[in-house]
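Since the structure comes first, as structure tokens, the remarks are kept for the end.
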Amino acid sequence: MKKRSKFLAMLLSTAVAVSSLTGISVFAADKTSGEEETRTVVDATGAEVEVPAHPKRIAVPAMVLPNMVYALQGNAENIVSIPPAAYSGWEMSILKDLAPELEDVDTTMVNDDFSVNVEALADADVDLVLNWDSETDQAEQLKALGIPCVLVSSAKDMDGLKNLVTMLGDALNCEDRAKQATDWYDETMDYFNSKADEVAALSEDEMPRVLHFQNVHEMTCYTGGINTYITTLEGGQNFTLPEDITEPSMETILEYDPEIIFISNFDDVTPEDFYENKLEGQDWSNVSAVKNHKVYKVPCGLYRWAPPNAFEKPLYMKWTASIVQPEIFSDYDIRTEISDFYKDYYGYELSDEQLDSLLRLDLNK
């Protein structure tokens, strides 16, 4: 029988304790009994929010969070509204197979810019909204209508991602599954920390220059936060911008000359578009990553893996690490890592065809 990881052992555990992480205080208390039972959580802004113990109608304006709600609940049956970008993510991801109930979900009450139609949410009997901590005014408007809104913070490193998942787990009354996920994050970090000496021994020339695109057409890149943190952790140099420049230009990128380019799934651009120099207004013909055919479309599992707050970030870390430093990170098979996680956590057996699609093998030839 295949040896299972510590993570699977935690899946079989019945422990329910969730510890406070990096100073965020979260508590829960039963307010009443029966169907009207509520709990109180403290969100990322420090606000005490009374939420349903078992939310029945959830709206999620933050486009990356529906995948986390599904992951923590094991279903998406109570999600009534998500933004259009989250729906397009559902269409291209494995989530459409795991949560077909989202096919007819509303995409009009919440928007890609995190704004909401407050009155529409009230009319739809939404009993919980999950959004970013920048939306404090929105939370007050919703509170005035009797709709609880829990605000959470975007992650800049793995501790931040653990905080986010823990807080969502409390808001959704899914502390067990949140703990299982954060234990997986810890196990992943233990693995990367075990490689720290090898990474530290690399010379600058041995650390490839990496560019993470968010949207190629719009020339937006991940130049900070968790992706930069991950690139450094696995032995690469991440593209950053000079302090006096707020948006990258073609000239800036050409001067950087990335040796590896990762393309997110927020556009339809493919590695072939770079290799054949098809991108209008952009000339990539002399860029090292293009000349050496090291442009990669990032996988899309439960959701796009590139954004900072993807639930499956450990899989993204191992996928990118095997590209950035293949000699150091050669002691695992990414297909097995993905397959085992889906089986252990979601209880779902991926087919070879689904794995190929998830990994974008047709594009990453």
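Taking label positions 7 Å along the Cα-Cβ direction at both H293 and S330, the computed distance is 2.0 nm, reported to one decimal. Lys and Arg at +1, Asp and Glu at -1: add these up for the other residues within a Cβ distance under 13 Å of T232 and post the number. Once all neighbours under 13 Å are counted, the net charge is 0.
Across the options C174, T231, N163, the greatest Cα extent toward the positive end of the charge dipole of segment 129-266 (unit charges at beta carbon of Lys, Arg, Asp, Glu) belongs to C174. Computed over segment 209-290, the range of Cα coordinates on each principal axis works out to 32, 27, 24 Å, biggest value leading. With a 1.4 Å probe and all protein chains left in place, how much of the accessible area of segment 186-237 comes from carbon and sulfur atoms, in whole percent? It is 46 percent, rounded to a whole number.
Projecting the Cα positions of S330, P307, M317 onto the charge dipole of segment 297-336 (unit charges on Cβ atoms of Lys, Arg, Asp and Glu, taken about the Cα centre) puts P307 furthest along the positive direction. With a simple spin-label model that places each label point 7 Å from the Cα along the Cα-to-Cβ direction, the separation between K278 and L241 comes to 2.8 nm. All Cα-Cα separations within the chain were binned at 10 Å from zero, giving a P(r) of 5, 23, 32, 25, 12, 3, 0, each value a whole percent of the pairs. Counting 0.36 nm for each residue step from A122 to D257 and taking away their Cα separation leaves a gain of 43.5 nm.
Per residue, segment 196-248 exposes 52 Å² of solvent-accessible protein surface, assessed with a 1.4 angstrom probe and all protein chains in place. For segment 188-248, a Kirkwood hydrodynamic radius built from all Cα pairs, placed in the Stokes-Einstein relation at 20 °C and 1.002 mPa s, yields a translational diffusion coefficient of 168 µm²/s.
Charged side chains reduced to their Cβ positions (Lys and Arg at +1, Asp and Glu at -1) give the chain a dipole of some 980 debye around its Cα centre. Working from Cα pairs under 8 Å separated by at least six residues, relative contact order for segment 41-125 is 29 percent.
For segment 47-140, the C-alpha radius of gyration sits at 1.01 times the compact-globule guess of 2.2 N^0.38 Å, with N the residue count. With all protein chains kept in place, the per residue accessible area of segment 113-191 amounts to 38 square angstrom at a probe of 1.4 angstrom. Computed from the C-beta positions of T136 and S88, the FRET efficiency with R₀ = 22 Å rounds to 0.20. Across segment 210-347, the volume of the C-alpha convex hull divided among the residues equals 111 Å³ per residue.
GNM on the chain, alpha-carbon springs under 10 angstrom: the most fluctuating residue among G281, G236, G46 is G281. Kindly state, to the nearest 0.05, the FRET efficiency for A144 paired with D268, given R0 = 51 Å and r defined as their beta-carbon distance. Rounded to the nearest 0.05, the efficiency is 0.80. Near the amide H of T220, within less than 5 Å, lie the amide hydrogens of Q214, N215, all on another chain or at least 5 residues away, with H placed in the peptide plane.
Which log10 I(q)/I(0) values does segment 119-197 give at q = 0.16, 0.21, 0.22, 0.25 Å⁻¹ under the Debye formula, counting every alpha carbon as one identical point scatterer? Here the Debye-derived log intensity ratios amount to -0.69, -0.94, -0.99, -1.11. Over the chain, what is the relative contact order in whole percent, taking alpha-carbon pairs under 8 Å and six or more residues apart? Taking the mean separation of contacting Cα pairs over the length of the chain, I get 16 percent. Computed from the Cβ-Cβ distance with R0 of 45 Å, the FRET efficiency linking L361 to S249 stands at 0.90.
The values are calculated or read from the model by the stated rules, or taken from the named source; none is laboratory data. From a predicted model like this one, the values you see are computed outputs, not experimental measurements. Here the Cβ is made from the backbone with ideal geometry for all residues, glycine too, and neighbour counts use every protein chain on show. Note: accessible area is taken over every heavy atom of the protein model, side chains too, but ligands, DNA and RNA are not part of it. Shrake-Rupley method; radii C 1.70, N 1.55, O 1.52, S 1.80 Å.
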